[in-house]
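The values are calculated or read from the model by the stated rules, or taken from the named source; none is laboratory data. Keep in mind that this is a model prediction, so the values were computed, not measured. Positions of Cβ are backbone-derived with ideal geometry, glycine not excepted, and every protein chain shown enters the neighbour counts.
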Amino acid sequence: MKVLILGGGTVGSTIAQFLCTEGHSVTVVDQNPEVLARIDTELDARTVNGNASVASTLFKADVASQDLCLALTNSHEVNLVASDLAKTMGAKRTAARVYAEVFKDLHRIDYRKCFRVDRFLGIEYLTAMEIARLIRDPGSMMIEHFAQGYAEMQEVIILRASNATGVPLEKLKLPGTVRIGSINRDGRITIATASDTINPGDRITILGETQGIEGVKKLFDIAPSKRKNVLIAGGGEIALNLVDVLKKRGNNITLLESNRERSNTLSRELQSSATVLLGDARRRRVLMDTCPANFDYFVAATSDDETNIMCCLEAKSVNMKTAIAVVKHSDYGGMVKRLGIDITVSPFEVVRRQVEGLLHTGALSFANPYLLGHGIDVVELTAQENSPITAAPLKECGIPRQALLAAVVREATPQHPSADFRIQPGDMAVALVHKEEEQRLVELFTDRNKIPRQSKETLAETLIKSLGQ
């Protein structure tokens, strides 16, 4: 694919390196000649000097021929304008790096629609989601970055028989906002259908709104998620996103910030969400004063890798149960493990997986093969004009058996489709689909005029095979 990256800083150059390694044709735009000189030396990428939000710069970067434009500068205003301009000038798909306030404002205005951005890349937000997934439960998964943050996925084990086990899913009174996504039975994972039953010993995934998921867990006699006590070091964007996510799930959060002015500001802003304390988490006495034995997790989420590593080492020295460090630089990975820090989360690795999921064309806008594995992807599809999926209710569209539509987002509003639901052009659907059925599902969302037609020879061969000759 041809990929245009706007911004050659740490994020942009890291993604450019990944894409070049994977064999994609990469062009990088930046205003700093020194940044471009370094990229020229280190990567097999074309470079263009100029302002990413100016049409003449994008013209020099041949934006009209690009399959994907990634706006990754450190200004989300520039990224939004540049994405809109790139789409106007012919880029097939765009993604923009944005910050927390854009996500929080989606209920009032759909920035993606206004600036025609196909996907937001909130690095701090996505990093917080990854940490929250690790904190929630050892086996649970979260897909808040799907369906604009309205959907999540939890994996649970059915430990015992209940009134809900052994009963076809279509006969269970599940909330309308929840779906049973997949069933893992004896190591074989399948996408759940209406006729399937859940048995003791099964490992299942539940998709939908948090409150509805907790209700389904009670139906299967599964205890609700335990409230966690979490201590966070740092008061930056990752920490604030993490506080927001964890608080919505009923956890208790304490935040340590070493800057007095910043600490006072956070105390006012987070008074109902977290307890904010002034202190340096690198100091053992500070950690001891917070009673580390009372915390289930310690998260070092400052903007500095070395500080995060030191904070986690001190946390482990005072017997903090589990320490998580945000570490940007991959060079530190092996060292951190040797030091005994439990978990590291890399913002760049989180974004790399997002970008990898965007390397598709047509109706398939995003694919994540990592959440479930076993040949099952979690995908986002955009319904095109004149696509088969828009021609009739879902029950009449011929959706593959090994596919499940979990949510549909229309005009920034999530909906949970029933059999009678009709998808409209422009709707974004979140689905679970087996690899073997993925192309069939994509074709349902694709403009009929753009679906490749079989040749006459292929049709003849198919007929011969069907006759057993």
*asked:* Which of the numbered conditions does Leu459 fail, given that it passes all the others? Conditions: (1) at pLDDT 85 or above; (2) in a helix (DSSP H, G or I).
replied: (1)
*Identify, from the list Tyr297, Tyr332, the residue that is buried (at least 18 other Cβ atoms within 10 Å of the Cβ) and more than 30 Å from Ala16 (Cβ to Cβ).*
Tyr297
*With respect to Thr190, is the statement that it is β-branched (Val, Ile, Thr), over 16 Å from Asp296 (Cβ atoms) and either without any contact (Cβ under 8 Å) to a residue 40 or more places away in the chain or part of a loop (DSSP other than H, G, I, E, B) (or both) true?*
no
*So, in the stretch 405-416, of the ones that are touching a strand residue (DSSP E or B) at 6+ places or on another chain (Cβ under 6 Å) and surrounded by fewer than 21 Cβ atoms within 10 Å (Cβ to Cβ), which residue ends up farthest from Thr193 (Cα to Cα)?*
Pro414
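Which residue, of Leu339, Leu270, is within 27 Å of Arg227 (Cβ to Cβ) and hydrophobic (A, V, I, L, M, F, W, C)?
One residue alone meets the criteria, Leu270.
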*Among the residues listed as Thr27, Thr57, the single one being among the hydroxyl-bearing types (Ser, Thr, Tyr) and farther than 24 Å from Ser365 by Cα*: Thr57
*Conditions (1) basic (Lys, Arg); (2) more than 19 Å from the chain's Cα centre (by Cα); (3) outside any helix (DSSP H, G or I): number failed by Lys337*: (3)
*Does the stretch 217-231 contain at least one residue that is under 30 Å from Ser418 (Cβ atoms), surrounded by 18 or more Cβ atoms within 10 Å (Cβ to Cβ) and in contact with a helix residue (DSSP H, G or I) (Cβ under 6 Å, 6 or more places away or on another chain)?*
no
*Output for the stretch 1-18, where each listed residue is out of contact with any Leu (no Cβ under 8 Å at 6 or more places or on another chain) and either closer than 19 Å to Ala86 by Cβ or not hydrophobic (A, V, I, L, M, F, W, C) (or both)*: Thr10, Thr14
_Residue under question is Leu70, and the condition is that it be closer than 26 Å to Asp427 by Cβ, at pLDDT 85 or above and within 20 Å of the chain's Cα centre (by Cα); does it hold?_
yes
